[in-house]
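The values are calculated or read from the model by the stated rules, or taken from the named source; none is laboratory data. Just so you know, these numbers come straight off a predicted model, no measurement behind them. Cβ coordinates were reconstructed from backbone atoms using ideal geometry, including for glycine residues, and neighbour counts include every protein chain displayed. Accessible surface is based on the protein model in full, side chains and every heavy atom, while ligands, DNA and RNA are left aside. Shrake-Rupley method; radii C 1.70, N 1.55, O 1.52, S 1.80 Å.
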Amino acid sequence: MPTSASSKSAAASSSSLVVTDLVAGYGQVQVLRGVSMQVAAGELVSVLGPNGAGKSTLLKAIMGAADVVSGDVLIDGEPRRRTKTHQLVRSGVGIVPEGRALVPDLTVEENLRLQLDALPGRRTASDAAAAFAETFELFPRLAERLTQLAGSMSGGEQQMLAIARALVARPRLLLLDEPSLGLAPRLIAQVFEALAEVNRRGLTVLVAEQNVAAATRVSSRSYVLSGGRVVLEGDSSEMNDAESIRSAFLGS
């Protein structure tokens, strides 16, 4: 796809992420054991691994929602290891947690506006309208369901809303935890194509997934976690056929 002027502008404002020797977990439980990885500005990278490998803990540690014992998290070269989740969001990091964390008793529009209201600075009506329009280009179904309660939507629609909620803030870095969880194959394809599209527009994306085929189809590089460590990294195109990734998923 040719790079448009708007895509170039978005790429110029995207963020880089560097994680170095990260040791993290929950209380006395250590999950990550020295994880290092990096995502260049404008890149889409996937973190793969089976349940319990440490993928969610890695994202939570980056997001400020896990206990980090040691190591560094740098966003655009700035230390962010001790930054709280809401501060990261305000600084331009979009977060789509596992489980979506929507407000079920609010409508689609209200869930989206909650995100805008939490951002620093005054948002004009035209700013909000433009952010909504950009998001509805990716997920037109949401535009048809603005007044529907989030809790009454299908799992696929809720995942679209969770991603849309992060995108209306126009982040420079987007973090997603298991976006394919519980979705039918057709909806998984739609969600990952949307991620590929926002990445083509210049947004930096890091996605943690155990659906190897879906993640490697859209990402340029992948890291494989097993037992809280990076056991494999490389071009995503090589991951589906790698014996090492099969071994990691089987726990051998």
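Below is a table of values for the structure above.
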quantity	calculated
Amide H contacts under 5 Å for Gly234, placed H, 5+ residues apart	Ser222
Model label zone, Ser36; criterion: amide N under 12 Å from point 7 Å along Cα-to-beta-carbon; scope the range 72-101	72
Accessible area of the chain belonging to carbon and sulfur atoms, whole % at 1.4 Å probe	50
Ranked by how many other beta carbons lie within 10 Å on average, peptides 78-85, 167-174 from highest	167-174, 78-85
Antiparallel bridge percentage (DSSP; both residues within the chain; nearest 5)	55
Lys/Arg +1, Asp/Glu -1 at C-beta; the chain dipole; positive extreme among Leu161, Val73, Ala150	Val73
Linear extension gain, Gln28 paired with Leu114, 0.36 nm per residue minus alpha-carbon span	27.5 nm
For the range 126-143, 3J(HN,Hα) per residue [Karplus equation, 6.51 cos²θ - 1.76 cosθ + 1.60, θ = phi - 60°, Hz, x = Gly/Pro]	5, 4, 5, 4, 5, 5, 5, 4, 4, 6, 6, 4, 7, 10, x, 4, 5, 5
Spin-label pair Gln87/Ala130, simplified geometry with 7 Å Cα→Cβ offset, distance in nm	2.9
Fully extended contour minus Cα-Cα distance, from Ala196 to Arg246, at 0.36 nm per residue	15.5 nm
Relative packing of peptides 187-198, 45-56 - highest average C-beta neighbours within 10 Å first	45-56, 187-198
Net charge dipole size for the range 164-208 [Lys, Arg +1 and Asp, Glu -1 on Cβ; Debye, nearest 20]	240
Gaussian network model of the chain, springs between alpha carbon atoms under 10 Å - residue of Thr107, Thr57, Thr204 with greatest fluctuation	Thr107
Nearest-20 debye value, the range 115-206 charge dipole, Cβ charges on Lys, Arg, Asp, Glu	200
